[in-house]
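Data block below; observations after.
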Amino acid sequence: MDTDSLEINFHIKWNGKDFEIALPLDCTVLDLKLKMFDETNVPPDRQKLLGLKGSDGKLAGTESRLADLNLKVTTKVMMMGTPVEEEEELVEDSNVVDDIGVISVVDIEVRHRPENLLKIQDRVENYKFKQLNTPRSGKRLLVLDIDYTVFDHRSPAERMSDLMRPYLHEFLTAVYPHYDIFFWSATSLYV
């Protein structure tokens, strides 16, 4: 029996859409990309077909024959790529600015950006914190974020001691003579 006359049924997912394409085994990856170009307007050179691997385990090249790829009769493939019209729309968009050589908001230091200054001002004016102890005179303040720094609160551990970072007690004991320690968290508790 001539295996090159058999067809491979491709189930291709791209951009949330499903495509069904059948091709004979004697076709190449480029033939498949051309069919997908007809369906999606993504040029073959911009397509990346995940699920088509050569004998070396790497993505199959455009000249690879389907018969040489050891495919199943029904093969699932995911495609990545941008259609021609979307790229053209991006280029023609009047909001796109060539900012090479132009000073932009990126060039302004983060601490001087107006939106960040407003956030800081709002936080200073409205933030309420709970002070458990009076600061010790002459000691600097060490601020530690509870979430992921002091302990991993999303761990599946069942005991608090299993959530702590390794050597947490040793670290806190070593820094306490030199610093007051402040634990901070952006996490809110809803009870």
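The values are calculated or read from the model by the stated rules, or taken from the named source; none is laboratory data. Being a predicted model, the structure only gives us computed values, none of them experimental. All Cβ positions, glycine included, derive from the backbone under ideal geometry; neighbour counts span all protein chains shown.
Each residue in region 141-158 was checked for being closer than 12 Å to residue 184 by Cβ and not in a helix (DSSP H, G or I), and 5 pass. Look at (1) of a type in the set (Ser, Thr, Tyr); (2) over 18 Å from residue 186 (Cα atoms); (3) assigned to a loop (DSSP other than H, G, I, E, B) and you find that residue 161 fails only one, number (3). Just one of the numbered conditions (1) loosely packed, with under 11 Cβ neighbours inside 10 Å; (2) within 29 Å of the chain's Cα centre (by Cα) is not true of residue 116: (1). All told, residue 37 falls short of being under 14 Å from residue 73 (Cβ atoms), in the same structural domain as residue 80 (by TED's automatic domain parsing) and surrounded by 15 or more Cβ atoms within 10 Å (Cβ to Cβ).
Can you tell which of 149, 82 is in the same structural domain as residue 45 (by TED's automatic domain parsing) and modelled with pLDDT of 80 or more?
Checking each option against the conditions leaves just 82.
Evaluate region 157-170: report whether one residue or more is acidic (Asp, Glu), touching a residue at least 12 places away in the same chain (Cβ under 8 Å) and surrounded by 10 or more Cβ atoms within 10 Å (Cβ to Cβ). Within region 157-170, not a single residue is acidic (Asp, Glu), touching a residue at least 12 places away in the same chain (Cβ under 8 Å) and surrounded by 10 or more Cβ atoms within 10 Å (Cβ to Cβ). If you go through region 128-164 and keep only what is under 26 Å from the mean Cα position of the chain (by Cα) and not hydrophobic (A, V, I, L, M, F, W, C), you end up with 145, 147, 148, 149, 152, 153, 154, 155, 156.
Pull up region 58-74, narrow it to residues that are surrounded by fewer than 14 Cβ atoms within 10 Å (Cβ to Cβ) and among the polar types (S, T, N, Q), then point me to the one that is farthest from residue 26 (Cα to Cα). The selected residue is 74. Do we have any residue at all in region 30-39 that's of a type outside the set (Gly, Ala, Ser) and part of a loop (DSSP other than H, G, I, E, B)? Checked against the condition, which is being of a type outside the set (Gly, Ala, Ser) and part of a loop (DSSP other than H, G, I, E, B), region 30-39 yields no hits at all.
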